[in-house]
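Notes to accompany the following structure.
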Amino acid sequence: MSDSHTKIHNKPLRVAVLVSGNGSNLQVLIDAMQAGALPIEIVGVISNRDDAFAITRAQRADIPVAVLSHTDSGKRMTIKTFERHASTQLDEWQPDLILLAGFMRVLSADFINSSIAPMINLHPSLLPVYKGLDTHQRVIQAGERQHGCSIHVVTADLDAGAVLTQALLEVLQKDTANSLQTRVQKLEHQLLPWTILLLAKGVLPLHNEQLSNQQYTCMPTLPWKLYLNS
Ligand code: GRF
């Protein structure tokens, strides 16, 4: 077993979180961390929007926040500028894991491939189906009977990295895009801490080489699926 893997077992997993909005998933992790239910330390939060409520949630928990939303002239920061600042910040925080939780900018292949730590994303569909935006609306329009959310490794291809875990629900006749969003978020709030716990304990692989490593062949095939009350 590698040193980095052993290290993760013994110390809290250092997690940096990238956000753009409400931050309800960030809050779930803050609550679990503060309750001693998750062996993690949220070392910092980066927001690409200065009006994200996630910033307030992080500040209330005394977690360092970097807001990388605008240039000095008030224009939207280019992705390259955002990534340059984000890299500097992440180098300072030295996370073991970078979590995209409702982060709404598409990151470049360069940034992802040179990341200081593995990166995972929470996506509101049962990947590989319904990559991208407006997943709930598209699921309703297609008349799907099943929907849910996925946590996957971030790669240069959008929403296409290895899927680690999923939580599933049955789409009801009465469901709308809004009700599905609410129901899927309820799943996310359970799937995320469960997945982070498995990563922090070294049960789920964090690194690409571990993802394809023989030592996991005795485990159920990824993604691991949760059927929860939604
Ligand atoms: C989540 O529903 C997630 O699936 C999507 O963005 C939303 C973020 O919600 N990528 P929040 O900011 O954690 O409340």
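Among the criteria (1) in contact with a Cys (Cβ under 6 Å, 6 or more places away or on another chain); (2) closer than 18 Å to ILE46 by Cβ, the one PRO124 does not fulfil is (2).
Being surrounded by 16 or more Cβ atoms within 10 Å (Cβ to Cβ), within 16 Å of the ligand (Cβ to nearest atom) and over 16 Å from the mean Cα position of the chain (by Cα) is true of ALA52. Of all the listed residues (THR155, THR176, THR165), the sole one being in contact with a helix residue (DSSP H, G or I) (Cβ under 6 Å, 6 or more places away or on another chain), polar (S, T, N, Q) and touching a residue at least 24 places away in the same chain (Cβ under 8 Å) is THR165.
Residue-by-condition table, conditions (1) over 25 Å from GLN185 (Cβ atoms); (2) part of a helix (DSSP H, G or I):
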{"site": "ILE30", "(1), (2)": "no, yes"}
{"site": "ASP51", "(1), (2)": "no, no"}
{"site": "ARG84", "(1), (2)": "yes, yes"}
{"site": "SER87", "(1), (2)": "yes, yes"}
{"site": "LEU99", "(1), (2)": "no, no"}
{"site": "LYS131", "(1), (2)": "no, no"}
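Inclusion of LEU97 among residues that are in contact (Cβ under 8 Å) with a residue 24 or more places away in the chain and of a type in the set (A, V, I, L, M) is warranted.
The residues on offer are GLN146, GLN89, and the sole one that is modelled with pLDDT of 95 or more and closer than 23 Å to MET33 by Cβ is GLN89. Taken together, LEU90, LEU68, LEU99, LEU133 contain a single residue that is within 16 Å of the ligand (Cβ to nearest atom) and touching a strand residue (DSSP E or B) at 6+ places or on another chain (Cβ under 8 Å), which is LEU99.
A quick yes/no check of all residues on (1) basic (Lys, Arg); (2) within 12 Å of the ligand (Cβ to nearest atom); (3) closer than 26 Å to SER115 by Cα; (4) not in a helix (DSSP H, G or I):
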site: GLU144; (1), (2), (3), (4): no, no, no, yes
site: THR155; (1), (2), (3), (4): no, no, yes, yes
site: THR165; (1), (2), (3), (4): no, no, yes, yes
site: LEU168; (1), (2), (3), (4): no, no, no, yes
site: LYS174; (1), (2), (3), (4): yes, no, no, yes
site: SER179; (1), (2), (3), (4): no, no, no, no
site: LYS186; (1), (2), (3), (4): yes, yes, no, no
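Give region 111-129 a look and list any residue that's among the polar types (S, T, N, Q), surrounded by fewer than 16 Cβ atoms within 10 Å (Cβ to Cβ) and either touching a strand residue (DSSP E or B) at 6+ places or on another chain (Cβ under 9 Å) or not in a loop (DSSP other than H, G, I, E, B) (or both), or say none. Listed by number, the list holds a single entry, ASN113. Taking region 26-44 as the range and being within 11 Å of the ligand (Cβ to nearest atom), more than 14 Å from ILE55 (Cβ to Cβ) and in contact with a strand residue (DSSP E or B) (Cβ under 8 Å, 6 or more places away or on another chain) as the test, only LEU29 passes. Considering only region 7-25, state which residues are within 13 Å of the ligand (Cβ to nearest atom) and either of a type in the set (Gly, Ala, Ser) or part of a strand (DSSP E or B) (or both). Answer for region 7-25, where residues must be within 13 Å of the ligand (Cβ to nearest atom) and either of a type in the set (Gly, Ala, Ser) or part of a strand (DSSP E or B) (or both): VAL17, LEU18, VAL19, SER20, GLY21, GLY23, SER24. Sub-6 Å Cβ pairs linking a first residue in region 18-30 that is hydroxyl-bearing (Ser, Thr, Tyr) to a second residue that is within 6 Å of the ligand (Cβ to nearest atom), at least 6 apart or interchain, are SER20/GLY102, ordered by first then second residue.
The values are calculated or read from the model by the stated rules, or taken from the named source; none is laboratory data. Source: prediction; values computed, not measured. Glycine also receives a Cβ, built like all others from the backbone with ideal geometry; neighbour counts cover every protein chain displayed.
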